């Protein structure tokens, strides 16, 4: 079977670093964090009010009321990110009408509409008052079901729920489908709601940083004084397409996906190990066919937790040995964007690759006995690079690694 080359022809982002690609690129270039305090969380009983901060989307300027009532917070983020990605890719309404385009999106919760619906029933004792849009907002598949209808997407259509690797697996599965010729174009990405309801249980587990007096210094991937992650979210969309299709359309080619690795730890629900990430990394690199010393930059999963960062560092050292590529986590800027992170971090990395710089790992002052062995930049590295690797790991031991090559038209 002839395996097709798979490229990225469009990107869209709605993040605490900015509401579009240019704003996000500037934040990364300037070392500007998107983390602050949400006072509502303290009132709600949270131990930590730290979060990535971004505005809700006003869909009134885009959609009529009938279309809006089925879209939850993260669906709105995904909608505007997808508009940006489709525009860059040169895909308009007429193209979508005449061609089969698929959608795979990472999403693993939709808390607000579920809670809102239950509260209405408890208070009013009448399920009819929940409203017609609530069921479509409540389902985990809310993003793909809404976007597929709004954009007339008639190819593959389902949601990937893989915890914090959801966005990365969505891109990886799109890559496999296009590579095998089963789809020519797939809209893919990840979305994460940003509200107290979505992350209250994480706070209850004391998973969050308590460094509320210095919000922008709270997320400290790989640093010895890291004390937990900072929740965040938004949405990121990539247009993944066969090289032949992109050339035929005259679409811009931003990057080529050349390796996708995946694995399961098969052990603990929440505590990561070294073996699973190691196998995911090895698989992605072997599939890509590149030499390990050609990979200049690794966008690490590193969420600023003690065990997670340490074990990822150990896996990277086991794979790369003395090669010492730059390793940094953009979660030092954004906090942990959860279901979105695997997709957004590809956008962040490609923006850096095309911008000729590597954003530093913010707040890294001193590593522990394992993380200190990595080559972690603490200031911006102005350099051209063509190859990078992105890691995403999630609860339940799901692991995803992607190798991407920058393409310059």
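Observations
- Semi-axis lengths, Å, region 336-375, gyration tensor of Cα atoms, sqrt of 5 times eigenvalues: 23, 15, 8
- Gyration tensor verdict on region 6-249 (Cα atoms; rounded if a/c is under 1.5, prolate if a/b is larger than b/c, oblate otherwise): oblate
- In this label model, residue 37 and residue 366 are separated by 2.8 nm, measuring between points 7 Å along each Cα→Cβ vector.
- Residue 323/residue 63 FRET efficiency (R0 51 Å; Cβ-Cβ; nearest 0.05): 0.55
- Considering only Cα atoms, the convex hull volume of region 260-406 works out to 94 Å³ per residue.
- Normalised by the number of residues in the chain, the average gap of Cα pairs under 8 Å and 6 or more apart makes the relative contact order 24 percent.
- Gap separating the Cα centres of region 155-193 and region 225-258, nearest whole Å: 11 Å
- Compactness index (Cα Rg / 2.2 N^0.38 Å), region 169-300: 1.33
- Descending by average beta-carbon neighbour count within 10 Å, the peptides 108-119, 127-138 line up as 108-119, 127-138, the highest first.
- Simple spin-label estimate for residue 98 and residue 132 in nanometres, 7 Å along Cα-Cβ: 3.4 nm
- Shape class of the chain from the alpha-carbon gyration tensor: oblate, with a/c at 1.5 or above and b/c at least as large as a/b.
- Pairs of Cα atoms nearer than 8 Å and 6+ residues apart set the relative contact order; for region 186-343 it is 33 percent.
- In range of the label at residue 140: residues from region 329-370 whose backbone nitrogen is under 20 Å from the point 7 Å along Cα→Cβ: 337-344
- Multiplying the residue separation of residue 247 and residue 161 by 0.36 nm and subtracting their alpha-carbon distance yields 27.7 nm.
- Whole-Å semi-axes of the ellipsoid equivalent to region 107-228 (Cα gyration tensor, √5λ, descending): 30, 28, 10
- Residue 380-residue 286 pseudo-label distance in nm [points 7 Å out on the Cα-to-Cβ vector]: 3.9 nm
- Taking the number of Cβ atoms within 10 Å of each Cβ as an exposure proxy, the fewest-first ranking of 378, 9 is 378, 9.
- Antiparallel bridges, percent of DSSP beta bridges restricted to the chain (to nearest 5): 70 percent
- Residue exposure sequence - 268, 97, 301, 354 - by fewest surrounding Cβ within 10 Å: 97, 268, 354, 301
- Cα gyration tensor shape for region 245-292, rounded if a/c is under 1.5, else prolate or oblate: prolate
- By the beta-carbon count within 10 Å of each Cβ, the least crowded to most crowded order of 226, 5, 25, fewest first, is 5, 25, 226.
Taken together, the values in this text are just the output of simple stated rules run on the coordinates, not laboratory data. Please read these numbers as outputs of a predicted model, since none were measured by experiment. For neighbour counting, all protein chains shown are included, and Cβ atoms are generated from backbone atoms with ideal geometry for every residue, glycine included.
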